[in-house]
Amino acid sequence: MNAFASGAGRAPAALLGCLLSLAIVAPPPALGDVKGLSKMGFGKTKDGEAVDLYTLRNGKITVKVATYGATVVAIEAPDRDGKVADVTLGFDSLDGYLGEHPYFGATVGRVANRIAKGKFTLDGEAYSLAINNPPNTLHGGVKGFNRVVWKAEPVDSPEGPAVKMTYTSKDGEEGYPGTLTTAVTFTVTADDALKIDYAATTDKATPLNLSNHAYFNLGGDTDSSILDHELTLAASKYTPVDDTLIPTGAIDPVEGTPLDFRKATAIGARIAELEGEPGGYDHNVVLDSKGGSLAFAARVYDPKTGRVVEMSTTEPGVQFYSGNFLDGSNVGKKGRVYKKHHGLCLEAQHFPDSIHHANFPDSVLRPGETYKQTTVYKFSAR
Ligand code: BGC
């Protein structure tokens, strides 16, 4: 597992931890007691499950998160003139999220990104997953973590309004081994950042890779592409892929390729140099930080509005996806038609298909370990 997974091997330490957690487990605060946090009904799933929408306000930003898919539904941030707009793609109502869409704002898991041919062997046992992105498995399968209703509770955090969403994925769900207990906590901090903390434990070894799939367009409500946004990535290397987007196993320098974003560069500047259909960026970059502790990963600047989002993460990789498969078939917020390159994703992650590559950071969580991941998206304007 990553450097953040901790073993619970030593008995005295485990006992002490247990006593401490008993001492600090308190009932969650009442919603009204958490400043900047509110909740409203967001409708029901087709099975009649109620979905809530939490609103978190702090500093200059407002974030909305739905319990369906632990989905970031909106991030409202000011531009350089103070004009506030929603900078994420998605829908105005739950119906849109219940329909077909490419993971707008969703929490993706149990394993974000692809597993080659939907098959893997772990501890001598073979597992088969749904092939929902032929010939591979993508983002946890047919009913991934983006398609379930999470439980939610307010959190009284010194950092700002927060909501903790939890989901227990049963042994065998979507073909994965082990019952996995997952918590994702969304906090909006006073310095205009959305912080997402993930934690998980399992009772059987399982591959695990949790991420958020927010699509950003810093232009806000405007109907435009992100090709003029300037991107910086703190990555000197990337993982080249085959034509089904599965890593070859190589870890190559970005130098001399259109993936070299070590200096801020417009996303559209070299996009035409990329091969393949539908064309565009859909690559895992290897962060120079190597993961393990929170470090700067990426910055996006929109010269038109001056908005900036700066991403930090504890993960070793980021999938930079330039919305290549957006084809106008999703009509989103305010009737906006999402066309190719109208949004970009920066998905903090372990490298795709890690389970098949011993040279990639280990993505297996074992019983007794706790998976932890933190990713922060901080907003500003200049
Ligand atoms: C993947 C893309 C995929 C998109 C939406 C990204 O994480 O890398 O290939 O099309 O998610 O599903």
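Please treat every number below as a calculation from the coordinates, not as lab data. Keep in mind that what you see is a predicted model, and the values were worked out from it rather than measured. Neighbour counts are summed over all protein chains in view; Cβ atoms, including those assigned to glycine, are modelled from backbone coordinates with ideal geometry.
Ranking 314, 45 by Cβ neighbours within 10 Å, fewest first, what do you get?
Ascending Cβ contact count within 10 Å gives the list 45, 314.
Normalising by the residue count of the chain, find the relative contact order in percent from Cα pairs under 8 Å and 6+ residues apart.
19
Name the long-range amide H neighbours of residue 236: under 5 Å, sequence gap of 5 or more, or other chain; modelled H, no Pro or chain starts.
Here the answer is 288, since their amide H atoms fall under 5 Å of that of residue 236.
How large is ³J(HN,Hα) for each residue in region 85-90, as worked out from phi by the Karplus curve 6.51 cos²θ - 1.76 cosθ + 1.60 (θ = phi - 60°), to whole Hz, x for Gly and Pro?
Working through the residues one at a time gives 8, 7, 9, 10, 7, x Hz.
Counting each DSSP H run of 4 or more residues in the chain as -39500 (n - 2.57), what helix-only mean residue ellipticity at 222 nm follows after dividing by all residues, to the nearest 500 deg cm²/dmol?
Estimated from H runs of four or more residues: -1500 deg cm²/dmol.
Among 197, 79, 223, which one shows the highest mean-square fluctuation when the chain is modelled as a Gaussian network with alpha-carbon springs under 10 Å?
223
Name the most mobile residue of 114, 336, 147, meaning the one with the largest mean-square fluctuation, in a Gaussian network model of the chain with Cα contacts below 10 Å.
Evaluated over the chain, the most mobile residue of the options is 336.
Between region 346-381 and region 54-77, what is the separation of their alpha carbon centroids in Å?
The two parts, judged by their Cα centres, are 23 Å apart.
Under a cut-off of 19 Å between alpha-carbon atoms, report the lysines in cross-link reach of residue 334, not counting same-chain residues fewer than 8 places apart.
Qualifying lysines at Cα under 19 Å: 64, 83.
If the elastic network links every pair of Cα atoms under 10 Å, which of 259, 294, 138 fluctuates the most in the Gaussian network model of the chain?
294
With unit charges on the beta carbon (Lys/Arg positive, Asp/Glu negative), name the residue among 122, 253, 75 whose Cα is farthest towards the positive pole of the charge dipole of the chain.
Of the listed residues, the answer is 75.
Taking 8 Å as the Cα distance limit and 6 or more residues as the minimum spacing, I'd like the relative contact order of region 87-155 as a percentage.
30
Given Cα pairs under 8 Å that are at least 6 residues apart, what percent is the relative contact order of region 200-353? Could the numbers behind the result be given before it?
Details: 341 pairs, mean separation 43.4, N = 154.
In percent, rounded to a whole number, it is 28.
Arrange the peptides 29-35, 49-55, 231-237, 125-131 so that the one whose residues have, on average, the most other Cβ atoms within 10 Å appears first.
231-237, 49-55, 125-131, 29-35
Give me 302, 353, 221 ranked fewest to most by other Cβ atoms within 10 Å of their Cβ, as a rough exposure proxy. Each step should come with its number before you reach the end.
Values: 302 24, 353 28, 221 14.
Least to most surrounded, the residues fall as 221, 302, 353.
Going by a ≥ b ≥ c, the root eigenvalues of the Cα gyration tensor, does the chain fall in the rounded group (a/c under 1.5), the prolate group (a/b larger than b/c) or the oblate group?
rounded
Could you please state, rounded to a whole Å, how far the C-alpha centre of region 92-154 is from the C-alpha centre of region 170-235?
First find each Cα centre; the distance between them is then 12 Å.
Using a simple charge model, +1 on the beta-carbon of Lys and Arg, -1 on the beta-carbon of Asp and Glu, nothing else, what dipole does the chain show about its Cα centre, in debye to the nearest 20?
I would put it at about 640 debye.
What order do you get for 187-195, 90-98 when each peptide is scored by the mean count of other beta carbon atoms within 10 Å, highest first? Write out the running numbers ahead of the final one.
Values: 187-195: 20.6, 90-98: 17.6.
With the highest mean Cβ count within 10 Å placed first, the list reads 187-195, 90-98.
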